[in-house]
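Below is one structure; the comments refer to it alone.
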Amino acid sequence: MGFRDFLPKNAQDSTDLVNGKADQASVSVEAKDSSSVEQDDGKVTDEYQPGVKKTEGMALVWTRGSLIGAYVGIYLVFFFTSLQSQTTNNLTTYVYSSFYSAPLVTTASIMSSIIGGVLKLPIAKMIDVWGRAEGYLVMVGLTVIGLILMATCKSPEQYAAAQVLYWVGYDGISYILDVFIADTSSLRNRALMFAFSTSPYICNTFAGPALAQAFYNPLVTNSGPGWEWAFGAFAFIIAGICTPLSVIMIYYQRKAEKLGVYKRDTSGRTTWLQAAKYWFIEWDVIGIILISAGFVLFLLPFSIANYGLNTWQSAEIIVMIIVGAVTLIAFGLYEKYLAPKCFIPWELLNDRTVLGACILAASLYVSFYCWDLYFYAYLQVVFGLSVKEAGYLSNTYNIGSCFWSIIVGILVRWTNRFKWLAMCAAPLMMLGAGLMIHFRQPDVNIGYVVMCQIFIAFAGGTLVICEQMAVMAAASHQHVAVMLAFVGLFSSVGGAIGDAIAGAIWTNTLPKALEAALPDDLKNMTNTLYLSTTTQLSYDFGTPERTAIIDAYGVAQRRMCIAATCVLVIAWASIFIWRDIHVDKKRQVKGVVIG
């Protein structure tokens with residue numbers, strides 16, 4: 001079954017569609033059951049916000065060839081952005097070494113990751129009000145500027161600022177393209193299209209590290225142009241690759257406006273004050289500030305405390321958590337009682353399917369980071385794997401989940417349902433995590449570790465697709481962007497909490513286990529061995545130091561895997577409350593789409 005099998009068969013020329021020359025049966029490219037699906041009327045939905053209406057208008061006037069071209073553009077963007085990410089991530093260590101300021105760069109990395117996740121909420125509002133193409137161009141600009149600044153920076157402060165810009169743009173591109181896929185595909189085929197967009201990560205998991213070594217090989221003197229050129233080269237590559245898709249989007253948005261399918265807002269605002277008041281309400285500025293600030297303040301302490309940049313007992317950490325929690329409560333109260341136009345409709349916040357999907361997203365990421373945070377070090381210390389080998393094995397989840405999500409997309413299209421897949425995947429995830437409690441121990445064959453990773457990868461690839469389908473199926477087209485941002489935000493919350501749990505287990509388990517395992521004459525080395533992975537690796541297998549380190553890793557990993565397994569009980573329970581929505585019975589999009 002190929003890509004073309006999911007394309008519309010009966011779409012007519014766009015001009016005929018606008019002029020009413022195409023009959024309604026040919027306009028619809030989704031399910032044709034008139035009892036459950038309303039046919040296209042050749043017009044955008046009046047009650048939707050301007051950005052959503054622009055996308056509907058574009059889909060109503062473009063052709064099947066344009067749709068194919070857009071998806072080719074999407075694939076190229078995902079391919080090269082993932083290649084860039086895999087390449088530059090493998091060069092980060094050498095950036096640290098160049099500046100001799102790892103703490104500042106680490107702080108910037110944490111901040112940029114959190115800000116990039118939280119800013120999906122205002123980005124969702126921006127593309128709903130302003131437009132997908134316009135928001136996409138802004139994110140491409142931020143990404144390119146960030147890469148250029150990272151390539152030319154002369155201090156750790158400049159690199160830190162550039163990194164924040166880059167991550168906001170990078171996360172924004174991925175998010176907006178996900179929304180665009182949702183705009184241009186039927187609910188029935190959306191899971192498959194989401195899987196299609198992640199498939200480049202399968203090959204780039206291997207290509208990225210090799211390309212990074214070509215740019216900068218520390219084992220060979222003066223080999224490669226240097227890490228700066230990696231950032232600089234990708235700045236130009238990303239700009240060039242992202243341009244064709246933006247041209248397609250803007251061209252057909254303007255064509256829809258020219259043909260009268262979409263009309264610009266003519267509300268009669270004549271003064272700057274009237275315009276400012278209108279957009280202030282339309283953007284729900286107060287709601288965006290409250291929820292963004294609340295999540296940043298709430299999430300940041302989990303990360304900076306876990307990385308040793310501060311302690312849980314410090315006043316700054318406690319104040320940030322309290323203020324963040326209060327701000328989030330204030331957001332909920334404001335949206336329910338005071339907001340003229342709600343950022344997220346209250347009925348969606350109360351929807352059991354949306355709530356269950358968000359709980360699933362959070363619990364999955366809590367579990368994932370409980371076992372993954374120190375997995376790379378575990379592979380090197382316990383099994384003696386090289387940097388490349390450990391990198392490949394630690395990426396088993398990414399490769400397996402991206403591959404399996406394609407199968408999940410086909411199954412959703414075939415059965416027209418997704419809840420049953422999630423119900424099957426959750427026990428498999430628990431099985432994989434539970435088996436790790438036994439197999440992540442010294443003297444266990446590494447093949448069993450790989451087996452657990454495969455179980456978790458297949459289950460994770462299923463559950464992530466299903467949670468996204470759940471929030472989209474529960475909402476109208478108008479709120480798809482906000483729902484995707486919302487479930488992504490819960491993933492960020494889960495990741496921060498998982499990091500904190502893993503860090504707490506590590507710091508409270510490994511030193512004590514090391515001291516217990518070391519011979520009496522070596523117990524004074526406990527702190528030195530605990531703090532440095534490089535020092536741990538410097539001892540050969542069979543020495544008392546390495547044996548004690550391996551035993552201590554086994555104790556810590558067991559406790560982390562127990563925590564990861566326990567959290568998954570919440571994940572499984574959250575799926576039970578979903579409604580069993582049939583994706584072929586609900587229509588969200590109009591025009592020539594993948595359906």
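Kindly list the number of the only condition in (1) crowded, with 22+ Cβ neighbours inside 10 Å; (2) closer than 20 Å to residue 396 by Cβ that fails for residue 439.
So the condition that residue 439 fails would be (1).
To keep it simple, each residue is scored yes or no on (1) at pLDDT below 95; (2) of a type in the set (Asp, Glu); (3) out of contact with any strand residue (DSSP E or B) (no Cβ under 7 Å at 6 or more places or on another chain); (4) part of a helix (DSSP H, G or I).
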residue: 39; (1), (2), (3), (4): yes, no, yes, no
residue: 42; (1), (2), (3), (4): yes, no, yes, no
residue: 47; (1), (2), (3), (4): yes, yes, yes, no
residue: 55; (1), (2), (3), (4): yes, no, yes, yes
residue: 93; (1), (2), (3), (4): yes, no, yes, yes
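Of everything in segment 58-69, what is buried (at least 22 other Cβ atoms within 10 Å of the Cβ) and part of a helix (DSSP H, G or I)? Give them in sequence order.
Matches in segment 58-69: 58, 59, 60, 61, 67.
Applying the selection to segment 515-531, what residues are within 16 Å of residue 374 (Cα to Cα) and either open to solvent by less than 30 Å² (accessible area, probe 1.4 Å) or of a type in the set (Phe, Trp, Tyr) (or both)?
If the condition is that a residue be within 16 Å of residue 374 (Cα to Cα) and either open to solvent by less than 30 Å² (accessible area, probe 1.4 Å) or of a type in the set (Phe, Trp, Tyr) (or both), then 529, 530 are the ones that fit.
So in segment 196-218, with the set limited to residues that are assigned to a helix (DSSP H, G or I) and of a type in the set (Phe, Trp, Tyr), which one is nearest to residue 72 (Cα to Cα)?
196
Evaluate segment 447-456: report whether one residue or more is buried (at least 24 other Cβ atoms within 10 Å of the Cβ) and closer than 24 Å to residue 198 by Cα.
Yes, segment 447-456 has at least one match.
Out of all the residues in segment 230-239, is one or more part of a helix (DSSP H, G or I), in the same structural domain as residue 140 (by the TED database), open to solvent by less than 50 Å² (accessible area, probe 1.4 Å) and under 30 Å from residue 592 (Cβ atoms)?
Taking every residue of segment 230-239 in turn, at least one turns out to be part of a helix (DSSP H, G or I), in the same structural domain as residue 140 (by the TED database), open to solvent by less than 50 Å² (accessible area, probe 1.4 Å) and under 30 Å from residue 592 (Cβ atoms).
For segment 540-566, what are the residues that are loosely packed, with under 15 Cβ neighbours inside 10 Å and touching a residue at least 40 places away in the same chain (Cβ under 8 Å)?
541
Scan segment 407-427 and tell me whether some residue there is among the aliphatic types (A, V, I, L, M) and under 30 Å from residue 510 (Cβ atoms).
no
Quick one: count up the residues across segment 567-595 that are in contact with a Gly (Cβ under 7 Å, 6 or more places away or on another chain) and either crowded, with 22+ Cβ neighbours inside 10 Å or in a helix (DSSP H, G or I) (or both).
Residues meeting the conditions: 3.
Return only the number of the condition from (1) within 27 Å of residue 342 (Cβ to Cβ); (2) outside any helix (DSSP H, G or I) that residue 154 does not satisfy.
Only one criterion in (1) within 27 Å of residue 342 (Cβ to Cβ); (2) outside any helix (DSSP H, G or I) is unmet by residue 154, namely (1).
Residue under question is residue 467, and the condition is that it be acidic (Asp, Glu) and buried (at least 19 other Cβ atoms within 10 Å of the Cβ); does it hold?
When the stated conditions are applied, residue 467 passes them.
Tell me which of these residue 388 doesn't satisfy, since it passes every other one: (1) open to solvent by 40 Å² or more (accessible area, probe 1.4 Å); (2) part of a helix (DSSP H, G or I); (3) farther than 30 Å from residue 440 by Cα.
Here residue 388 clears every test but (3).
Scanning segment 277-293 for residues that are more than 20 Å from residue 490 (Cβ to Cβ) and without any contact (Cβ under 8 Å) to a residue 40 or more places away in the chain, which turns out most open to solvent (accessible area, probe 1.4 Å)?
277
If you check residue 540 against the conditions, is it in a loop (DSSP other than H, G, I, E, B) and over 27 Å from residue 476 (Cβ atoms)?
yes
Test residue 390 against the criterion of being aliphatic (A, V, I, L, M), over 25 Å from residue 576 (Cβ atoms) and without any contact (Cβ under 8 Å) to a residue 40 or more places away in the chain, and give yes or no.
Yes, satisfied.
Whether any residue in segment 439-457 is among the aliphatic types (A, V, I, L, M), in a loop (DSSP other than H, G, I, E, B) and without any contact (Cβ under 8 Å) to a residue 40 or more places away in the chain is what I want to check.
Yes, the conditions are met somewhere in segment 439-457.
Is at least one residue of segment 404-420 among the small types (Gly, Ala, Ser) and surrounded by 21 or more Cβ atoms within 10 Å (Cβ to Cβ)?
Within segment 404-420, one or more residues are among the small types (Gly, Ala, Ser) and surrounded by 21 or more Cβ atoms within 10 Å (Cβ to Cβ).
Which residue, of 334, 376, 365, is at pLDDT 90 or above and either out of contact with any Cys (no Cβ under 6 Å at 6 or more places or on another chain) or among the acidic types (Asp, Glu) (or both)?
Matching residue, one of 334, 376, 365: 365.
From the residues in segment 317-374 that are among the charged types (D, E, K, R), outside any loop (DSSP other than H, G, I, E, B) and open to solvent by 70 Å² or more (accessible area, probe 1.4 Å), which one is nearest to residue 552 (Cα to Cα)?
352
Take residue 497 and decide whether it is buried (at least 22 other Cβ atoms within 10 Å of the Cβ), in contact (Cβ under 8 Å) with a residue 40 or more places away in the chain and aliphatic (A, V, I, L, M).
The answer is no for residue 497.
Give 374, 365, 369 a once-over and let me know the one that is under 21 Å from residue 535 (Cβ atoms) and not polar (S, T, N, Q).
374
Only one of 215, 206 is farther than 18 Å from residue 51 by Cβ, open to solvent by 10 Å² or more (accessible area, probe 1.4 Å) and touching a Pro at 6+ places or on another chain (Cβ under 7 Å). Can you tell me which?
Criteria check complete, one pass: 215.
Report whether or not residue 436 is farther than 30 Å from residue 345 by Cα, in contact with a Ser or Thr (Cβ under 7 Å, 6 or more places away or on another chain) and outside the structural domain of residue 129 (by the TED database).
no
Condition check: in contact with a Ser or Thr (Cβ under 7 Å, 6 or more places away or on another chain), at pLDDT 90 or above, in a helix (DSSP H, G or I) and not assigned by the TED database to the domain that holds residue 401. Does residue 176 satisfy that?
When the stated conditions are applied, residue 176 does not pass them.
The values are calculated or read from the model by the stated rules, or taken from the named source; none is laboratory data. Just so you know, these numbers come straight off a predicted model, no measurement behind them. Cβ atoms come from the backbone with ideal geometry, glycine included; neighbour counts cover every protein chain shown. For accessibility, only protein heavy atoms count, side chains too; no ligands or nucleic acids. Shrake-Rupley method; radii C 1.70, N 1.55, O 1.52, S 1.80 Å.
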